[in-house]
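Student: Pasting a structure here, questions to come.
The values are calculated or read from the model by the stated rules, or taken from the named source; none is laboratory data. Note that this is a predicted model, so its numbers are computed, not measured. Positions of Cβ are generated from backbone atoms using ideal geometry, with glycine treated the same way; all protein chains shown enter the neighbour counts. Note: accessible area is taken over every heavy atom of the protein model, side chains too, but ligands, DNA and RNA are not part of it. Shrake-Rupley method; radii C 1.70, N 1.55, O 1.52, S 1.80 Å.
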Amino acid sequence: MSDKKTKRPAQNKSSSFKSPHRGLIGWIFYFAGSKKGQYIVSVFFALLSVACCIAPYFIIARIVQQLLDGVRDWKLFLQECGITAAFWAGNVIFHAISTSMSHMATFNLLGNIRKGMCDKLSRLPLGTVLDMPSGSLKNIIIERIDSMETTLAHIVPEYTSNIVLSIVLVVYLFVIDWRLALACMAVLPIGIIAMCFMLKDGEARFKFALDKTKALNDTAVEYINGIEVIKAFGKSKSSYERFVVAAQEGSACYVEWMRDCIWPHAVATVVTPTLLFSILPIGGFMFLNGSITASLFITVIVLAVSAIQPFLIAFTYHDDIAKAGAIFGEVGSIMTLEELKRPTVDVKKPADNSIVLKNVRFSYHKVGEDSPSRQPASQSSATPSPKGTPLKNPEILHGINMTLPEGSYTAFVGPSGSGKSTIARLIASLWDVDSGSVEIGGVNIKDLSLEEYNNRVAYVSQDNFLFDMSVRENIRLGRQDATDAEVEEIAKKAGCYDFIMSLEKGFDTIVGGSGAHLSGGERQRIAIARAMMKDSPIVILDEATAYTDPENEAIIQKSVAQLVKGKTLIVIAHRLSTVKDADKLYVIKDGVIDSEGTHNELLSKNGLYAEMWKAHVGARDK
């Protein structure tokens with residue numbers, strides 16, 4: 001096998017993250033992609049804009065100097081006023097060009113961040129994603145990233161250009177007269193100290209505020225999603241109190257932050273601009289002693305006033321910089337999570353669609369406390385781990401070995417919590433095994449690309465998600481190029497055509513968010529039709545008929561039997577009667593295989609399966 005085939009390159013750019021700790025400019029240029037040049041050109045025009053804004057001060061100083069020297073050439077003054085007006089127009093034009101380019105680059109950057117995060121989520125293990133509160137994820141991907149638009153669109157050109165020109169003007173003041181330059185700087189230490197107090201722990205404070213906002217979002221989502229249970233059990237008061245507490249804490253952190261910053265901010269904004277407070281008496285004394293000329297004194301006064309304006313403008317961005325840094329930190333904490341280890345191209349093609357599990361061991365992993373994931377209560381006594389690293393639960397599967405031939409019908413049964421669904425999800429590549437291997441056609445699934453593997457496996461669970469679009473489009477997700485006729489044909493085979501046609505608009509009926517307009521059984525049947533439309537050679541049904549009534553379950557079972565002919569079928573079921581015709585049943589108990597065989601073979605062993613069957617038949621006959 002060549003090195004080219006065995007190499008496992010990163011799937012895309014987000015996989016190259018080494019650390020979430022980057023400077024703000026580093027984040028910006030990382031996500032800017034092909035639009036980096038627009039930011040650079042934007043900074044150039046911003047420099048021109050600020051230069052045009054400051055240039056009139058030099059002209060004004062020159063006019064004053066000419067008047068003091070006795071010049072009375074009105075044409076010259078009109079010409080200089082015209083030049084001043086041209087600089088003003090240049091300021092407006094260059095600022096508009098700079099802002100337009102920075103906004104275009106910023107919108108592209110924000111889109112790259114969102115696409116990168118969504119792409120990252122698609123490559124993470126399912127457990128990692130499920131452990132992230134949906135409210136927090138939505139808040140990061142939508143609101144927080146969107147809140148950086150104004151900052152990023154202005155901070156790169158305007159902050160950079162104002163800082164640069166402030167430095168240039170200060171250097172120029174020292175070139176003119178270092179004594180007067182020092183006099184200009186006399187009050188700055190007071191303003192700078194005040195600024196330092198105001199900016200102290202700014203990023204940490206904002207991170208704390210973000211955490212409180214996340215808690216508020218998560219509480220709100222939980223309250224809304226659980227409103228039916230809350231009302232049914234009369235817990236509306238206690239549940240609402242949790243939301244009130246979260247809302248109060250979310251507002252209190254901002255109020256406290258503002259209270260601590262208000263006085264330093266007042267001192268900084270009042271003292272820093274008062275350069276004339278020191279330059280006037282010191283410069284006046286030097287003028288009276290003949291150390292400087294009147295024209296030089298006036299020029300320094302004008303330049304001092306013009307130098308402080310870009311500095312103050314740049315200062316106003318420091319708070320936004322801290323916020324953007326904290327948000328990028330959250331983005332980075334997600335982008336650096338460990339992905340499913342898969343190559344971009346297949347190392348080797350499977351010989352067939354048989355499935356073999358070899359000594360598979362697995363335990364669920366939770367993300368550490370500093371990640372965007374929740375720390376479940378069950379983990380409270382676990383050994384602490386470094387921030388952002390996985391915490392390991394006790395082992396769920398203990399050395400599972402099984403062989404599922406191509407085209408076979410295999411069922412996993414056993415008590416709740418025994419590990420049946422976990423095995424199915426490992427086969428579906430929703431997690432990676434801790435040790436051992438899962439092989440398809442003699443190839444370790446870690447040597448298959450996610451695209452190739454997803455094409456081979458169709459997975460239907462008892463909690464299937466439908467998008468807020470038509471029934472037709474939800475089924476078509478199984479195969480995007482399917483025609484309307486093919487969608488309707490697969491619905492007939494899946495046994496859901498009649499109920500779909502009974503809906504208000506038939507196949508064009510919008511199912512609502514998460515399929516809320518349909519019953520659980522109807523959602524399940526559409527999900528099965530979607531999986532069948534995918535036409536994958538391996539089909540996994542994890543309690544796929546859990547929400548259906550006995551009559552519809554029989555229809556679905558018959559339809560599924562027709563649709564999976566020649567495919568490798570895996571079914572997880574609690575109702576044993578639905579899988580008694582399987583080629584082989586694996587009885588799972590406490591993460592190990594208790595027994596295996598056909599229905600009759602397992603009954604003859606009088607083991608756990610026989611007990612479960614008796615209980616099942618007894619409950620069914622009552």
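Student: Using heavy-atom solvent-accessible surface (probe 1.4 Å) with all chains present, what is the largest-first order of CYS184, CYS53?
Tutor: Values: CYS184 0, CYS53 45 Å².
These residues rank, largest area first, as CYS53, CYS184.
Student: Something else now. Quote the accessible area belonging to SER435 in square angstrom, nearest 10, computed with a 1.4 Å probe and with ligands, DNA and RNA left uncounted.
Tutor: Accessible surface of SER435 is approximately 50 Å².
Student: I would also like to ask the following. Hey, what's the per residue convex hull volume over the C-alpha atoms of the range 439-531, in cubic angstrom?
Tutor: Spelled out: Cα convex hull of the range 439-531, divided by residues, is 109 Å³.
Student: Using a 1.4 angstrom probe on the protein heavy atoms only, could you order GLU504, GLU222 from most to least accessible area?
Tutor: So, going from the largest accessible area down, we get GLU504, GLU222.
Student: How large is the convex hull of the C-alpha atoms of the range 253-327 per residue, in Å³?
Tutor: So the per-residue Cα hull volume is 86 Å³.
Student: What list of ³J(HN,Hα) couplings, whole Hz, do you get for the range 573-585 from phi and the Karplus terms 6.51, -1.76, 1.60, once you set θ to phi - 60° and write x for glycine and proline?
Tutor: Couplings: 8, 8, 7, 5, 5, 7, 10, 5, 8, 4, 4, 8, 10 Hz.
Student: Top to bottom by accessible area (1.4 Å), largest first, where do HIS574, HIS103, HIS398 land?
Tutor: Descending order: HIS574, HIS398, HIS103.
Student: Something else now. Could you look at the range 101-229 and say what percent of its accessible area is carbon and sulfur, using a 1.4 Å probe and all protein chains?
Tutor: On the way: 4090 of 5840 Å².
The nonpolar share, carbon plus sulfur, comes to 70 percent.
Student: Right, next: Given VAL50, VAL92, LEU124, which one lies farthest toward the positive end of the charge dipole of the range 40-137, if we put +1 on the Cβ of every Lys and Arg and -1 on the Cβ of every Asp and Glu?
Tutor: Of the listed residues, the answer is LEU124.
Student: Say the cut-off is 28 Å between C-alpha atoms; which of LYS138/LYS207; LYS115/LYS534; LYS214/LYS420 go over it?
Tutor: LYS214/LYS420
Student: Based on alpha-carbon centroids, what's the gap between the range 255-298 and the range 462-507 in Å, whole number please?
Tutor: First find each Cα centre; the distance between them is then 73 Å.
Student: Tell me which of ILE140, SER102, THR150 sits at the most positive position along the dipole axis of the range 90-170, charges placed on C-beta atoms (Lys, Arg +1; Asp, Glu -1).
Tutor: Result: ILE140.
Student: Let me ask something additional. Accessible area of ARG479, 1.4 Å probe, to the nearest 10 Å²?
Tutor: Its heavy atoms expose roughly 80 Å² to the probe.
Student: Quick one: Karplus J couplings for the range 349-357, per residue in order, coefficients 6.51, -1.76, 1.60, θ = phi - 60°, nearest Hz, x for Gly and Pro?
Tutor: 3J(HN,Hα) across the range 349-357, in whole Hz: 7, x, 6, 7, 10, 6, 10, 10, 10.
Student: Of all accessible surface on the range 432-521 at a 1.4 Å probe, what whole percent is carbon and sulfur?
Tutor: For the range 432-521, the apolar C and S fraction of the accessible surface comes to 45 percent.
Student: Show the residues, 5+ positions off or on another chain, whose built amide H is closer than 5 Å to the amide H of LYS589.
Tutor: ASP594
Student: Residues with amide H under 5 Å of ASP468's amide H, sequence separation 5 or more or different chain, H placed in the peptide plane at 1.01 Å from N; which?
Tutor: SER514
Student: Around SER449, which amide H atoms from residues at least 5 apart in sequence, or from another chain, sit under 5 Å from its own amide H, with H modelled in the peptide plane?
Tutor: So SER449 has HN proximity to ASP346, VAL347.
Student: What are the ³J(HN,Hα) values, in whole Hz, obtained from phi via the Karplus relation 6.51 cos²θ - 1.76 cosθ + 1.60 with θ = phi - 60°, for each residue of the range 28-39 in sequence order, with x given for Gly and Pro?
Tutor: 4, 6, 5, 8, 5, x, 6, 9, 4, x, 5, 5
Student: Kindly provide the Kirkwood hydrodynamic radius of the range 59-206 in Å, to one decimal, from all pairs of distinct alpha carbon atoms.
Tutor: 20.8
Student: Before anything else, pin down the relative contact order of the range 55-189: Cα pairs under 8 Å, at least 6 apart, normalised by residue count, whole percent.
Tutor: 25
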